[in-house]
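Student: Provided herewith is a single structure, encoded as structure tokens, for subsequent inquiry.
The values are calculated or read from the model by the stated rules, or taken from the named source; none is laboratory data. This one's a predicted model, so the numbers in the text were calculated from it and none came from an experiment. For neighbour counting, all protein chains shown are included, and Cβ atoms are generated from backbone atoms with ideal geometry for every residue, glycine included.
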Amino acid sequence: MVFKREDGRKPEELRKPINAKVGIIPNADGSAMYQSGETIAIAAVYGPKEHHPRNQRNPRKGTLRCNYNMLSFSVTDRIRPGPSRRSTEISKITEWALTPVVMLEKYPNMVIDVHIHMIQADAGTRCAGINAAAMALAHAGIPMKNLVSSVAAGKLDKTVVLDLDKHEEDFEEGEGSTDIPITMTPDGEITHIQLDGKITSKQLKEAIEMAKKASKEIYEIQKKALKEVGEK
Amino acid sequence: MITSKITGDRIKSYLEQGKRFDNRKLEEFRKIEIETGISKNAEGSARVKLGDTEVLVGIKMNVGEPYPDSPDKGNLMVTAELLPLSSERFENGPPRFPAIELGRVLDRCVRESKFIDVEKLCIKKGEKVWTIFIDVYSINDDGNLLDAAGMGIIAALKNAKIPKYDEKEEKVLYGELTNTSIPLSKDTPLSLTYHKIGNSIVVDPTREEEDLSEARVTIGSNNGIISSMQKGEETALTIEEINRILDTNEKVWKEVFKNIEKHIK
């Protein structure tokens, strides 16, 4: 039996609307906004620039430094401004998701700062943040081997689905909900995967295949947004 | 990057002739754009753009204990974060002086003007009152974040709806907003800042102009009634200069208010 989603989406259907816009912050070297359903992320890139403090410099390659943050009013219960354990982990995860495609070897001893903020949150914020950050890096003209696109696969009761919203993430009936955020290049290389919940390896493989298709869809949206700003 | 001396000198010599790089008059604001309801989980929110400068303001509400010296009044808290996302000049870490000052100056503008009727935010005297959190974030800094944030606060407060409160469970039901707005006075305070550059008084400076500012005066006022004021930076001002700023404020306040009135109803 296929699980019936409350908002009427098919299992493999992404949330609407999906909006992507590049060049939203004039001060930044690169910037982008990515909206997936009710989740809105913005990202700005500053650099490559001198890396301070000096002792953190890497003479072999540059450093990518990501900072993920949720604005205090982006969720129903106000978040106290400043870093938390959660945001610190997601910042690092984001760095790992992006680093494989960024040609950091071109910038020894330098740092590239990526600032990511959630203006409005409804689950899937790290994915939206990574999508915005990838576009912002490309917009900044940082040499990249590829883009990355991120989406959360998941499972609601027994059905593998894509792109859970907050309401679905809190689903508790049957086998409950499983959340699997995945980041991939359009060639299918996985740069980031996390999992919370309960799933068989067979279904996980199914979920990854589903995420692969969706990440291509997102890749096209990112590419289109980047081309739009290039034409201006 | 800090504005170079050569650019600074040119800006000053332009101002002597009453001119600015972007063709504005000294007392003229850039294009003001205000958008409300930009974040649906906030009780109220607004985006303000002054030219390339952009800020976001969000309102969150919670029920808590009143302060002992005001047992029947709601609480207000204004915080600002100058995000490194918005400028290469800002860094991560605990808020530094400019962010703290911005929050405090605008807190006083709202508080002292009695714009919010805090007595109506009392649920049970001495025990339960609403706290209003106003959070300001910079998105792009091209000068005059202070005035942009001030407009954003007004727009977000007007946009806000109080959430439902379950008295039995003592829980705020977020996401279930009532139709009740935050009780606000008709007299809208606007916080406007005047910069002394050379012998000129300038409003709404760009980043480059703001770097040259020798002194600034921020005035929170409503139609001629001043309720908060702060002078910033190290240069002294003469009484004549303060008088000139006060006269300019009367004029500029009216123009700006007319300009943004439709957004803050």
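Student: So, in the stretch B:26-75, how many residues would count as being aliphatic (A, V, I, L, M), part of a loop (DSSP other than H, G, I, E, B) and within 26 Å of B:E208 (Cα to Cα)? Show your work before the answer.
Tutor: So the first thing to find is which residues in the stretch B:26-75 are aliphatic (A, V, I, L, M), and the list is B:26, B:32, B:34, B:38, B:42, B:46, B:48, B:50, B:55-57, B:59, B:61, B:63.
Okay, now just the ones that are also part of a loop (DSSP other than H, G, I, E, B), so B:26, B:38, B:42.
Narrowing the set further to residues that are within 26 Å of B:E208 (Cα to Cα) leaves B:26.
Qualifying residue count for the region: 1.
Conditions (1) closer than 20 Å to A:H192 by Cβ; (2) in a helix (DSSP H, G or I), marked per residue:
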position	(1), (2)
A:A44	no, no
A:K49	no, no
A:Y68	yes, no
A:G82	no, no
A:P100	yes, yes
A:E105	no, yes
A:V111	no, no
A:V114	yes, no
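Student: Here are some residues: A:A44, A:A20. Which one is touching a strand residue (DSSP E or B) at 6+ places or on another chain (Cβ under 9 Å), under 21 Å from A:E228 (Cβ atoms) and either hydroxyl-bearing (S, T, Y) or within 11 Å of another protein chain (Cβ to nearest Cβ) (or both)? If you could, list the steps in order and put the result at the bottom.
Tutor: Numbers: A:A20 fails: either hydroxyl-bearing (S, T, Y) or within 11 Å of another protein chain (Cβ to nearest Cβ) (or both).
One residue alone meets the criteria, A:A44.
Student: Okay, next question. In the stretch B:193-220, which residues are of a type in the set (G, A, S) and either part of a strand (DSSP E or B) or touching a helix residue (DSSP H, G or I) at 6+ places or on another chain (Cβ under 9 Å) (or both)? Steps first, answer last, please.
Tutor: Narrowing the stretch B:193-220 to residues of a type in the set (G, A, S): B:198, B:200, B:213, B:215, B:220.
Once the filter is applied, which keeps residues that are of a type in the set (G, A, S) and either part of a strand (DSSP E or B) or touching a helix residue (DSSP H, G or I) at 6+ places or on another chain (Cβ under 9 Å) (or both), the stretch B:193-220 yields B:G198, B:S200, B:A215, B:G220.
Student: Looking at (1) touching a Pro at 6+ places or on another chain (Cβ under 9 Å); (2) away from chain A (no Cβ under 13 Å); (3) assigned to a strand (DSSP E or B), which one does B:T79 not meet, given that it meets all the others?
Tutor: The failed condition is (2).
Student: What number of residues in the stretch B:213-235 are farther than 14 Å from B:I197 by Cα, touching a residue at least 24 places away in the same chain (Cβ under 8 Å) and among the β-branched types (V, I, T)?
Tutor: Residues that pass the stated criteria total 3.
Student: Another one. B:E43 - would you say it is modelled with pLDDT of 95 or more, buried (at least 20 other Cβ atoms within 10 Å of the Cβ), within 30 Å of A:G30 (Cβ to Cβ) and acidic (D, E)?
Tutor: Values: modelled with pLDDT of 95 or more: yes; buried (at least 20 other Cβ atoms within 10 Å of the Cβ): yes; within 30 Å of A:G30 (Cβ to Cβ): no; acidic (D, E): yes.
Here the answer is no, as B:E43 does not meet what is asked.
Student: Only residues that are within 17 Å of A:A211 (Cβ to Cβ) and within 14 Å of chain B (Cβ to nearest Cβ): list them for the stretch A:98-124, please.
Tutor: Within the stretch A:98-124, A:A123 is the sole residue that qualifies.
Student: Let me ask something else about it. Is there any pair with a first residue in the stretch A:67-92 that is more than 9 Å from chain B (Cβ to nearest Cβ) and a second that is surrounded by fewer than 19 Cβ atoms within 10 Å (Cβ to Cβ) and part of a loop (DSSP other than H, G, I, E, B) whose Cβ atoms are under 9 Å apart and which are 6 or more apart or on different chains, and what are they?
Tutor: Close Cβ pairs (under 9 Å, with a partner that is surrounded by fewer than 19 Cβ atoms within 10 Å (Cβ to Cβ) and part of a loop (DSSP other than H, G, I, E, B)) amount to A:M70/A:S84; A:S91/A:P83.
Student: How about the stretch B:236-265: which of its residues are assigned to a loop (DSSP other than H, G, I, E, B) and either over 18 Å from B:S200 (Cβ atoms) or of a type in the set (V, I, T) (or both)? It would help to see each step written out before you state the result.
Tutor: In the first step, residues of the stretch B:236-265 are kept if they are assigned to a loop (DSSP other than H, G, I, E, B); the result is B:236-238, B:264-265.
Once the filter is applied, which keeps residues that are assigned to a loop (DSSP other than H, G, I, E, B) and either over 18 Å from B:S200 (Cβ atoms) or of a type in the set (V, I, T) (or both), the stretch B:236-265 yields B:T238, B:I264, B:K265.
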